[in-house]
1. Measuring from label point to label point, each 7 Å out along Cα→Cβ, what is the residue 48 to residue 163 span in nm?
2. HN-Hα J couplings of segment 171-187 from phi, Karplus 6.51/-1.76/1.60, θ = phi - 60°, integer Hz, Gly and Pro as x?
3. Using a 10 Å cut-off on Cβ atoms, rank the peptides 14-21, 130-137 from the highest mean neighbour count down.
4. Relative contact order for segment 97-231 using alpha-carbon pairs under 8 Å, separation at least 6, rounded to a whole percent?
5. Relative contact order for segment 1-52 using alpha-carbon pairs under 8 Å, separation at least 6, rounded to a whole percent?
6. Taking the alpha-carbon distance from residue 166 and a cut-off under 27 Å, which lysines remain once sequence neighbours fewer than 8 residues away in the same chain are dropped?
Amino acid sequence: MNDTLIKILYMISCIFFIRGIKLLGKTATARKGNFYSAIGMLVAVVTVLIQKDVMSAFSTDAATWGGNPLLSNGYCWIVAAVLIGTVIGAIWSKKVQMTGMPELVALFNGFGGLSSLLVALTQYIAAPKGDYFTAVSLGLTIAIGAVAFTGSLVAWGKLSGKMTFKGWVIPAKNAVNGVLCVLGLVSIIAYSFFTADNPLGFAEIEKCGVIACTAIFLLLGFTMVIPIGGG
């Protein structure tokens, strides 16, 4: 697929997103806005799969998958994931009452954060680090995804009444959160600016930076949201 067509598809995706977000601002048009946003996401995902030749990363050797040629086709895995997500979304949309929407939105936000976290970690495992800007962007994606995931889980627990966290008191919570945030940023810097051939000779700094960043910001999501009331 040529670059011009790729750019056109990305523009179409953006138009659907922008229109969808605008329609989400009113109750009467929110359903239509959600539908338009979903179309925009579908166009964007398909375009990325084609542009980046994602399927080349899958083994086409059926023997690798126990002799099953179907499993060797990467598109089958993607379609399966889409179908599973569709079924889960359809069930929840019918089952959850309107009064339960706040906690459902919190849970959705948490899964969105987890998705960002897993994508960033996969990128770290599967590809070279790249330049400093790319490395910092990956570190920040890990941080935001981790905080959103654990923080949203706590929010869901509070809103749904399944986890009250009564009696949970974090001494000097602002100081604790500040220290965790600083340590997390330091770990991002350690990953982004230290390499195996660095003159300082810290060959394992990159790996330790990613692990520390993930763990610290997962913890920060809990400590930031636990003191907040259920409302």
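1. In this crude spin-label approximation the distance works out to 2.7 nm.
2. Karplus values, whole Hz, x for Gly and Pro: x, 6, 4, 5, 5, 4, 4, x, 5, 4, 5, 5, 4, x, 5, 4, 5.
3. 14-21, 130-137
4. Contact order relative to length: 32 percent.
5. Relative contact order comes out at 42 percent.
6. Result set, ordered by chain and number: 158.
Coordinate-derived values only; no laboratory data. Computed from a prediction, not measured in an experiment: that's the story for all the values here. So basically every Cβ, Gly included, is an ideal-geometry build from the backbone, and we count neighbours across all protein chains shown.
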